[in-house]
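To start, the structure itself, in C-alpha cells.
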Ligand code: NAP
C-alpha cells in the first residue's frame, strides 16, 4: 500500500496538530512534521506524542534545500530527541549526505531507529534516508541509491529531483520497480506530477500531497484534494491505464477533470494527467517513445493540443501507425490512441464534434448548406474540412485575407473574404473559429447582426467556450438565431476520445457538469 503523507511546516504545535487532524479527515495516512525552524527538543517530543496521525519528523538542512540552519550536532540531537519521544514517530528523515558524514552521526541515529542491529526491542521508528536535487537529475543517482540501500539502518530510500522533462518520471518508476528497499522516488516541478500520482501504481512506499495549494513542501506537489479527487488515487492500481493532455502549456487545461470524472462515472480503470512537452518535435518524439516503451506504465492515449497537433501526425506516420484520412487532410490530429496490438492511431475529433453539434440543430443532411467559417487557424481548418466533407458550400472569412485564400485553394472552397465583409443573414451556418470574444476580451465579436425583420436567420456556432455565452451568441440570440456554444464542441470532441480509448458510452451529463462547474457562463 502506498501511503499519502501531508507535509506540515511547524511553527506552532497546536496549529500543526489542527492541520494534521484536517489531513486525517481528508484521507492522509501520515504527516511529515517539518521542524526546520521549530527546534525546541522538548516541544518536538510533545508535537510527536500528541500527533493525530503517525508522523515523519524532518529537520531539513539548509544545504539540502530546507530551512534548518542548526549546526549538524544540534540538528542530529534534535532528531534523537524526536526519536526518544514517549510516542515515537513512525519515521525520522535524514539526508544521505549527512548520514555519510561521520560514524558518530550513524551511531547516534542508529540508536533511535529500528534496524537489524538494534539491541533495544522497543524501537519502532524507521529511518528514511533521503537525497534531493532541486536543480536537475543527479548524475550519480545510482550511486546514491545503492548507498541508501546498503545502509543497514535505512528502512526507506527517498530520492527527489527536479524533472527536466516528462521522461524523468520513467527513471522514478524504474527506481521504485527495483525494490531494493521500500522506495520513494519523486520528480519535482510541473513535469514531475506523474511520479507523484502514479507512485501508487508502481508501489512506492509513499507520496506527498499538500493540505492546501500554498502549503506544498516541494515544487509540483499536488494537493491532497487533487490527488484523491481529481487524480483518482483510491482507484489506482498496477493495471491502471494512463492517458493525458499533451501541450505546452497545459497547466490550466480542464481536460484532466473532464476525463477523470468520466473514468470514475463508468468505472474505467484509467487516470488522465497533464503532460507538458516543449514545442519542438524532438521533445515530443523522445517523450512519447520513452512513455510508450515503458510497458508497465500502460500509457494508452492522449489528447493533443497546441503546439503538437502536427507533431502527432508526423510521429504516428514515422511509427507506421494509422492516421484518420480527414486528420491527414486537415493537417492536424488531436487524439492519440494505442491499440491492443501495440500500433498507434491518430485522429481528429474536432471536425466530427462540429458536425455533430450542427446536425443536432439542423438535421443529419447538411448537403448544400451555406456555411461561413470565421477564421483560418487550426479550429477553422477542422470546421472547413468537416463541412466541405459533408457537402456544404463553405465560405471562409478571415482578418488576414491571404490565409483565407490559402484555405480556399487547399480545400477547394466556395469563396474567401475578409472578415469585415461578412453578411450574417446570407449564410445557413456561421461558425466562429477566431479567438474573438474569448476571456478576457469578452467585448469583442467577429460579427454584428443588423436589425432586419423577416430575413432568414443562420445557426450561429461559437467555438469559444470561455465564456460559455460570448457576445456573439448573446447578440445572435437577440436577433432570433439558433445558437451552439463552444462547450458543445468541447464535450463532443472529448467524448469521442473517451469512447475511442475506453469503448464505454461517454457519460455526457458528467462531462457537461464538470465543464459548467469550471467555466462560468459569462466570465
Ligand atoms: P489559431 O490557429 O491561433 O487561429 C486564430 C484565428 O483567430 C485566426 O484566424 C486569426 O486571424 C483569428 N484572430 C485572432 N485574433 C483576431 C482578431 N483580433 N480579430 C480577428 N481575427 C482574429 O487558433 P485556433 O486553435 O484555431 O483556435 C481558435 C478558437 O477556437 C479559440 O478561441 C479556441 O477557444 C476555439 N477552439 C475551441 C475548441 C472547442 O473544443 N470548443 C477547440 C479548439 C479551438 P489571423 O489569421 O488574421 O491571425
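With the Cα gyration tensor of region 363-484 giving a ≥ b ≥ c as the square roots of its eigenvalues, does the rule (a/c under 1.5 for rounded; else a/b larger than b/c for prolate; else oblate) give rounded, prolate or oblate? Taking the square roots of the gyration eigenvalues as a ≥ b ≥ c, region 363-484 is oblate.
With a ≥ b ≥ c the root eigenvalues of the C-alpha gyration tensor of region 120-172, is it rounded (a/c under 1.5), prolate (a/b larger than b/c) or oblate? All intermediate terms of the calculation are to be shown ahead of the outcome.
Values: a/c = 3.21, a/b = 2.49, b/c = 1.29.
Since a/c reaches 1.5 and a/b is larger than b/c, the shape of region 120-172 is classed as prolate.
Here the residues 148, 275, 438, 1, ranked from fewest to most Cβ neighbours within 10 Å of their Cβ, fall in the order 1, 438, 148, 275.
Using r as the Cβ-Cβ distance of residue 399 and residue 42, and R0 as 60 Å, what FRET efficiency do you calculate, to the nearest 0.05? Intermediate values should be presented prior to the final figure.
Working: r = 71 Å, r/R0 = 1.18.
The calculated FRET efficiency here is 0.25.
Can you tell me the FRET efficiency between residue 341 and residue 505 if r is taken as the Cβ-Cβ distance and R0 is 25 Å, rounded to the nearest 0.05?
Working: r = 24 Å, r/R0 = 0.95.
So, using R0 = 25 Å, E works out to roughly 0.55.
Name the shape class, rounded, prolate or oblate, that the alpha-carbon gyration tensor gives for region 3-238, where a ≥ b ≥ c are the square roots of its eigenvalues, rounded holds for a/c under 1.5, and otherwise prolate holds if a/b is larger than b/c and oblate otherwise. Oblate, since a/c reaches 1.5 and b/c is not below a/b. Restricting attention to the chain, close to 10% of DSSP beta bridges with both partner residues there are antiparallel. Per-peptide packing, taken as the mean over residues of other Cβ atoms within 10 Å, places 189-195, 230-236 in the sequence 189-195, 230-236 from highest down.
What's the extension gain from residue 281 to residue 86 if we count 0.36 nm per residue and subtract their Cα-Cα distance?
Details: separation 195, 0.36 × 195 = 70.20 nm, distance 5.78 nm.
Stretched out fully, the residue 281 to residue 86 stretch lengthens by 64.4 nm.
Gap in Å between the Cα centre of region 238-297 and the Cα centre of region 1-67? Going from one Cα centre to the other spans 32 Å.
So how tilted is helix 401-411 from the main axis of the chain? Cα-based, degrees 0 to 90, rounded to 10. Approximately 80 degrees, to the nearest 10.
Expressed in nm to one decimal, what extension gain is obtained for the pair residue 478 and residue 101 from 0.36 nm per residue of sequence separation less their Cα-Cα distance? Walk me through the intermediate numbers first.
Details: separation 377, 0.36 × 377 = 135.72 nm, distance 7.56 nm.
Full extension from residue 478 to residue 101 adds 128.2 nm.
Using the rule -39500 (n - 2.57) for each DSSP H run of four or more residues, divided by the residues of the chain, the 222 nm mean residue ellipticity is -10500 deg cm²/dmol. Taking 7 Å steps out from each Cα toward its Cβ at residue 69 and residue 359 produces label points 6.8 nm apart.
Using alpha-carbon positions, what is the distance between the centroids of region 396-436 and region 450-498, in Å? Their Cα centres are 17 Å away from one another.
Expressed in nm to one decimal, what extension gain is obtained for the pair residue 451 and residue 120 from 0.36 nm per residue of sequence separation less their Cα-Cα distance? Before the final figure, lay out each step's value.
Numbers: separation 331, 0.36 × 331 = 119.16 nm, distance 9.00 nm.
Stretched out fully, the residue 451 to residue 120 stretch lengthens by 110.2 nm.
Residues of region 30-59 falling in the label zone of residue 11, defined by backbone nitrogen less than 15 Å from a point 7 Å along Cα to beta-carbon, are 34-39. The angle between the Cα long axis of helix 168-178 and the longest principal axis of the Cα atoms of the chain comes to about 50 degrees, rounded to the nearest 10. With axes computed from alpha carbons, what is the tilt in degrees of helix 309-318 against the longest principal axis of the chain, rounded to the nearest 10 within 0 to 90? The angle comes out near 80 degrees.
Read the figures in this text as sums done on the coordinates, not as results from a lab. Model, not experiment: these values are computed from the prediction. Counting neighbours? That spans all protein chains shown, and the Cβs are built from the backbone with ideal geometry, glycine included.
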